[in-house]
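The values are calculated or read from the model by the stated rules, or taken from the named source; none is laboratory data. It should be emphasised that the depicted structure is a prediction, and the values quoted were computed from it without experimental measurement. All Cβ positions, glycine included, derive from the backbone under ideal geometry; neighbour counts span all protein chains shown. Only protein heavy atoms, including side chains, enter the accessible area calculation; ligands, DNA and RNA are left aside. Shrake-Rupley method; radii C 1.70, N 1.55, O 1.52, S 1.80 Å.
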Amino acid sequence: MKMLFKILCICLVGFLTLFVQSDGSHISGNRNLIERRLKSLKSSLATAGSPSKSGSLEASNARVYHVTAYGADPTGIADSTEAINKAIADAFQSQPSDGSLMAGITNLGGAEVHLDGGTYVVSSPVSLPSSGGGNFRIIGGSLRASDNFPTDKYLIELNSDSSSSSYAYEYITLKDLMLDANYRGGGIAVINSIRTTIDNCYIVHFMSDGIKAQGGHETFVRNCFIGQHITAGNDSGERNFTGVGINLMGPDNAVTDTVIFSAATGILVTGQANTLSGVHCYNKATGFGGIGIHLSTPGLTQTRIVNCYMDYTSIVTEDPVLLHVSSSFFLGDANVVLKSVKGVIKSVNIVDNVFNGGNKGVDIVQLDESNGKFTSVDQVFVTQNVAQGMVMRSTSAMGSIEGNSTTWTVDLSPVLLFPDRIGHVQYTFIADSSFPNHALRNISGNQVIVESDKPVSAKVHVAVDQNDS
């Protein structure tokens, strides 16, 4: 609108100038006055159309804070901690915007701190003010920890240091960032925050966590690349990888379309109701002691793992209750390990996955009962998976046998997941010529035994399920 107004004014000035020049008989007495006013109008329009050295009114009122304007060094030579934190502090002190956030959280109206595509060295965390706030973004640049950066801190911290159980931050976005922890502390710590987005970030050289989400909930990590060491697999130092790529210590978080390419543990989950989708873990091979996804939530898992790529790294879940794993690809003998802590496993779906291994006798789903056997088992469905080069395991199985006998034994123990456990049996007895009496006699040791009252040539087909209900 401003540009259109400017064009109209210039056109009007041109017309009046032409009129003054061509029709002097009508306004000859005021010619000089009109010409002076036209020149003044032209000058004012030119001034309004060109930006001032100190920035236009529009820019001065905008809630966009450039760290270079605060003295941050985009070349990564000088320490930029103070300058960046000052830009953030000013953003948090801006006039609150209309609109509602959680009680006690100031709406900053979408204020942004821009890193202007530079690389900045910091000697202490880039921190959001402990007073809290929301509707705020940090975007577009790189941070690198200095050689004296505290090893127990994170490059970016959302931490109110408050003992209050209420949320301090809401709707914070960290986007298009490269974070290099320089083998000192961690990458990003999101504490006591709600509805946080970490998007398109590349986080490397951490010693603790690439990302930690503690307390609060609804931290969304998407389109990120995370690794302690910059590598693309087959790293000679892989056995020595440490740290955790993503540490979810709260509920209701989501990790989507993210790669963890080096760390001892790809994703560690100690909170409930989290979703992992489109995650590729090749952080540290399980054969070297690594874990792709570790669900350390015994007794109440409430986690969904869907469409993930477990690349030589396994999923380990402790006493899983309410767990869903589906449509995922497991390569290099990666599998799902069900670990007993107190012997509880309930409401578990491991279905429609693809497994590929090296013919080493590794089960696609493995029971770890080193701490005691699973004694409370209910609604566990491991089925409809496919595998090459690995041992198939399932909670349901079918088998057949034929011959001339009075006893038919179908051994399903090589397939069934739980030892000596059959909840339901269906069998079909097909005799060639006679009609003998027959019955199911035994199911111990995951073997189904059917007997007839006289010798007969027959086929016996058996289908079993390990669930009681």
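Within the stretch 269-285, the residues that satisfy the criterion of being over 11 Å from the mean Cα position of the chain (by Cα) and of a type outside the set (Val, Ile, Thr) are GLY271, GLN272, ALA273, CYS281, TYR282, ASN283, LYS284, ALA285.
For the stretch 307-347, the strands (runs of 3 or more DSSP E) that sit wholly inside it and include 1 or more residues that are touching a Pro at 6+ places or on another chain (Cβ under 9 Å) and closer than 17 Å to ASP368 by Cβ are 315-318, 321-326, 336-339. If the condition is being assigned to a strand (DSSP E or B), open to solvent by 20 Å² or more (accessible area, probe 1.4 Å) and out of contact with any Lys or Arg (no Cβ under 9 Å at 6 or more places or on another chain), then the stretch 128-164 contributes ASN135, SER142, ARG144, GLU157.
Exactly one residue among SER80, SER94 is hydroxyl-bearing (Ser, Thr, Tyr), over 29 Å from VAL204 (Cβ atoms) and open to solvent by less than 40 Å² (accessible area, probe 1.4 Å), and that residue is SER94.
Taken over the stretch 273-284, the criterion of being in a loop (DSSP other than H, G, I, E, B) and surrounded by fewer than 19 Cβ atoms within 10 Å (Cβ to Cβ) is satisfied by ALA273, GLY278. Among the residues of the stretch 70-94, which ones are over 23 Å from SER166 (Cβ atoms) and free of Cβ contacts under 8 Å to residues at least 12 places away in the same chain? Once the filter is applied, which keeps residues that are over 23 Å from SER166 (Cβ atoms) and free of Cβ contacts under 8 Å to residues at least 12 places away in the same chain, the stretch 70-94 yields only GLU82.
Would you pick out the residues in the stretch 455-469 that are open to solvent by 60 Å² or more (accessible area, probe 1.4 Å) and farther than 16 Å from VAL410 by Cα? Within the stretch 455-469, PRO455, ASP468, SER469 qualify.
Can you pull out the residues in the stretch 198-227 that are open to solvent by less than 30 Å² (accessible area, probe 1.4 Å) and of a type in the set (S, T, N, Q)? Result: THR219, single match.
Every residue in the stretch 197-219 that is over 19 Å from SER146 (Cα atoms) and outside any strand (DSSP E or B), please. Within the stretch 197-219, GLY215, GLY216 meet the criteria.
When you look at PHE288, is it of a type in the set (Phe, Trp, Tyr) and either under 15 Å from VAL316 (Cα atoms) or under 13 Å from the mean Cα position of the chain (by Cα) (or both), yes or no? Criteria met by PHE288.
Checked against (1) farther than 18 Å from LEU276 by Cβ; (2) aliphatic (A, V, I, L, M); (3) within 14 Å of the chain's Cα centre (by Cα), ILE198 passes all but a single condition, namely (1). Residues that are over 11 Å from ASN353 (Cα atoms) and open to solvent by 40 Å² or more (accessible area, probe 1.4 Å) within the stretch 300-323 comprise LEU300, GLN302, ARG304, TYR312, LEU322, listed in sequence order. Determine whether the stretch 73-88 contains at least one residue that is more than 19 Å from SER127 (Cα to Cα), out of contact with any Lys or Arg (no Cβ under 6 Å at 6 or more places or on another chain) and hydrophobic (A, V, I, L, M, F, W, C). Yes, because at least one residue in the stretch 73-88 is more than 19 Å from SER127 (Cα to Cα), out of contact with any Lys or Arg (no Cβ under 6 Å at 6 or more places or on another chain) and hydrophobic (A, V, I, L, M, F, W, C). Just so you know, in the stretch 216-239 the residues that are touching a residue at least 12 places away in the same chain (Cβ under 8 Å) and among the small types (Gly, Ala, Ser) include one that is nearest to ASN159 (Cα to Cα), and it is GLY216.
Consider the stretch 248-258 and keep the residues that are assigned to a strand (DSSP E or B) and under 15 Å from CYS308 (Cα atoms). The one that is most open to solvent (accessible area, probe 1.4 Å) is THR256. Note on the stretch 171-197: among residues that are open to solvent by 10 Å² or more (accessible area, probe 1.4 Å) and among the aliphatic types (A, V, I, L, M), the one that is nearest to SER208 (Cα to Cα) is ILE191. Could we say that PHE261 is open to solvent by 50 Å² or more (accessible area, probe 1.4 Å), in a strand (DSSP E or B) and at pLDDT 95 or above here? Criteria not met by PHE261. Residues in the stretch 439-460 that are more than 14 Å from ASN404 (Cβ to Cβ) and over 56 Å from the mean Cα position of the chain (by Cα): ASP453 only.
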